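The values are calculated or read from the model by the stated rules, or taken from the named source; none is laboratory data. These figures come from a predicted structure and were not determined experimentally. All Cβ positions, glycine included, derive from the backbone under ideal geometry; neighbour counts span all protein chains shown. Keep in mind that these areas ignore ligands, DNA and RNA; they rest on the heavy atoms of the full protein, side chains included. Shrake-Rupley method; radii C 1.70, N 1.55, O 1.52, S 1.80 Å.
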Amino acid sequence: MPTQIKFGTSGWRAVMADEFTFANVRRAINGIARYVVSQKPSGARVIVGRDPRFLGETFCSMASEILGSYGVTSLVIAEPAPTPAIAYAVIKEGADGAINFTASHNPPEYNGIKFSTPDGAPALPEATKRIEAEILAYDSARQTATSPPSKALAQKLDPRPAYLARLKEVIDFGVIKNAGLRVVYDPLWGAARGYPDSLLRDAGIEIASVHDTRDVLFGGHAPEPDDHLLEGLRDKMRATKAHIGIATDGDADRFGIVDQDGTFFQPNYIIALLFDYLIETRGWKNGVGKSVATTNLINALAKHHKTELHETPVGFKYIGELIKQDKIAIGGEESAGLSIRHHVPEKDGVLAGLLCCEMVARRGKTLGQQLEQLFAEVGSFYPRRENFRLTQEVKEKFTGKLGSDPHSFDGRKVSEVVRKDGLKLVFDDGSWVCYRMSGTEPVVRVYAEARTQDGLEKLIAAAKQWIFD
């Protein structure tokens, strides 16, 4: 029985040599090719790219060959490229989609396939369900038929020049230079090596970098720009007396930001600060988008600025739809993904880091100082996410609990029950807790936010107790 290939919120990911095998990759690409041809029977062009993971070049060659056999022209990117650069290339080239071999911030033993649709956005569930069905159709068809003969030749594509030119339009590098800002960049051995750092350097800005070589093992850990993995960035910041540190994950769709004093700034706060900054500097008041699990500081700012708020299920594809419809100035998720108006409908970690540089430079204040000012204007918010692993017995019991509509929680009155994604309970004081079951492992993700740090600790403890009671 072949492995079932399922495309989640960011494509299909699996451990190499376990489920991510040549045979399964071949099945997945055939499914995508069949889907593309069903949408455009002739003349289709699909971009093929990758992050720096092991065997990426080989997988790209395989994909190109399979696409060609269906008459689909592949535009193959030779070097590792950031996911947002690939997304921008889809739009710029008028391509019919992109196949991106990446496992993003997953550990080095993983690889994955992400499919983007002709609008440059991550494929929505209706598209990925069709692809999964086409994989099954291919599995059935290949029992009786051989692959069609090759019909289309591959072409080469370099997405870097157009993407960097686009970032020059979006970011005010003159402001960063004139402020004398010193920046350190950590690509975490990933696909964005030579992207934000080259832009800053070309603009005459003092920039240093760490982990700027190809390493398919990413230093022996996940290429995730999270607090505990950015000590090398902090060391370089201290050595260069930098004002800000910026980092991107393996495929550069996620970001990590470190303030001048070495404090890691969680994405919740970065999205809120940039929302406020874009209204201040660009005058964009068309709206803001956030996932149901992202800080309500954004809600408070939307109210403060009299701007429409759009709350989505978890998954950047939903934010991407709002970007495409020009309904929001910025959209983001607490898992470190954001994009802005008139940009790609895809997470862009390179953009996020550069915008933070511009914001710190223009305002002449550290991120910490800017957050204090926001709290003074709209109140303080303290969010956190934690994961809890469940036994099968606890999982079954808790899954039943998630179907209930509790009126109280740890002695608090529940003022609102939100079922946009999982179960979110909102309380009278504005604090809230949200539960989401993992789709791939026996884990429940708990997102909580309170108006004080002490209140957050109590809320997290109560949220854990509610799972296991």
message = I'm trying to understand the selection: among the residues of region 44-67, which are outside any helix (DSSP H, G or I) and either β-branched (V, I, T) or open to solvent by 20 Å² or more (accessible area, probe 1.4 Å) (or both)?
response = R45, V46, I47, V48, F54, L55
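Out of P84, P41, P108, I need the residue that is in contact with a helix residue (DSSP H, G or I) (Cβ under 7 Å, 6 or more places away or on another chain), in a loop (DSSP other than H, G, I, E, B) and not hydrophobic (A, V, I, L, M, F, W, C). Which one? Walk me through it before giving the result.
Values: P84 fails: in a loop (DSSP other than H, G, I, E, B); P41 fails: in contact with a helix residue (DSSP H, G or I) (Cβ under 7 Å, 6 or more places away or on another chain).
The conditions single out P108.
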key: Those residues of region 242-262 which are in contact (Cβ under 8 Å) with a residue 60 or more places away in the chain, open to solvent by 10 Å² or more (accessible area, probe 1.4 Å) and not charged (D, E, K, R), in sequence order   = H243, Q260
ask   = Checking I340 against (1) out of contact with any Gly (no Cβ under 6 Å at 6 or more places or on another chain); (2) buried (at least 23 other Cβ atoms within 10 Å of the Cβ); (3) closer than 22 Å to L200 by Cα, which single condition isn't satisfied?
value = (2)
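Taking the conditions exactly as written (of a type in the set (S, T, Y), open to solvent by less than 10 Å² (accessible area, probe 1.4 Å) and not in a strand (DSSP E or B)), does Y269 satisfy them or not?
Here the answer is no, as Y269 does not meet what is asked.
Quickly run through region 68-94 and pick out the residues that are open to solvent by less than 60 Å² (accessible area, probe 1.4 Å) and more than 19 Å from G320 (Cβ to Cβ).
Applying the first criterion (open to solvent by less than 60 Å² (accessible area, probe 1.4 Å)) to region 68-94 yields 68-77, 80-90, 94.
Within region 68-94, G68, S69, Y70, G71, V72, T73, S74, L75, V76, I77, P80 meet the criteria.
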task = Considering each of V418, V433, V446 in turn, give the residue that is among the aliphatic types (A, V, I, L, M), surrounded by fewer than 16 Cβ atoms within 10 Å (Cβ to Cβ) and touching a residue at least 24 places away in the same chain (Cβ under 8 Å).
result = V418
task = Go through region 119-217 and tell me which helices (runs of 4 or more DSSP H), entirely inside it, have 3 or more residues that are in contact with a Cys (Cβ under 6 Å, 6 or more places away or on another chain).
result = none
remark   = In region 388-405, anything touching a strand residue (DSSP E or B) at 6+ places or on another chain (Cβ under 7 Å) and either loosely packed, with under 12 Cβ neighbours inside 10 Å or of a type in the set (D, E) (or both) is listed as R389, D405
query = From K303, K327, which residue is among the charged types (D, E, K, R) and not in a helix (DSSP H, G or I)?
reply = K327
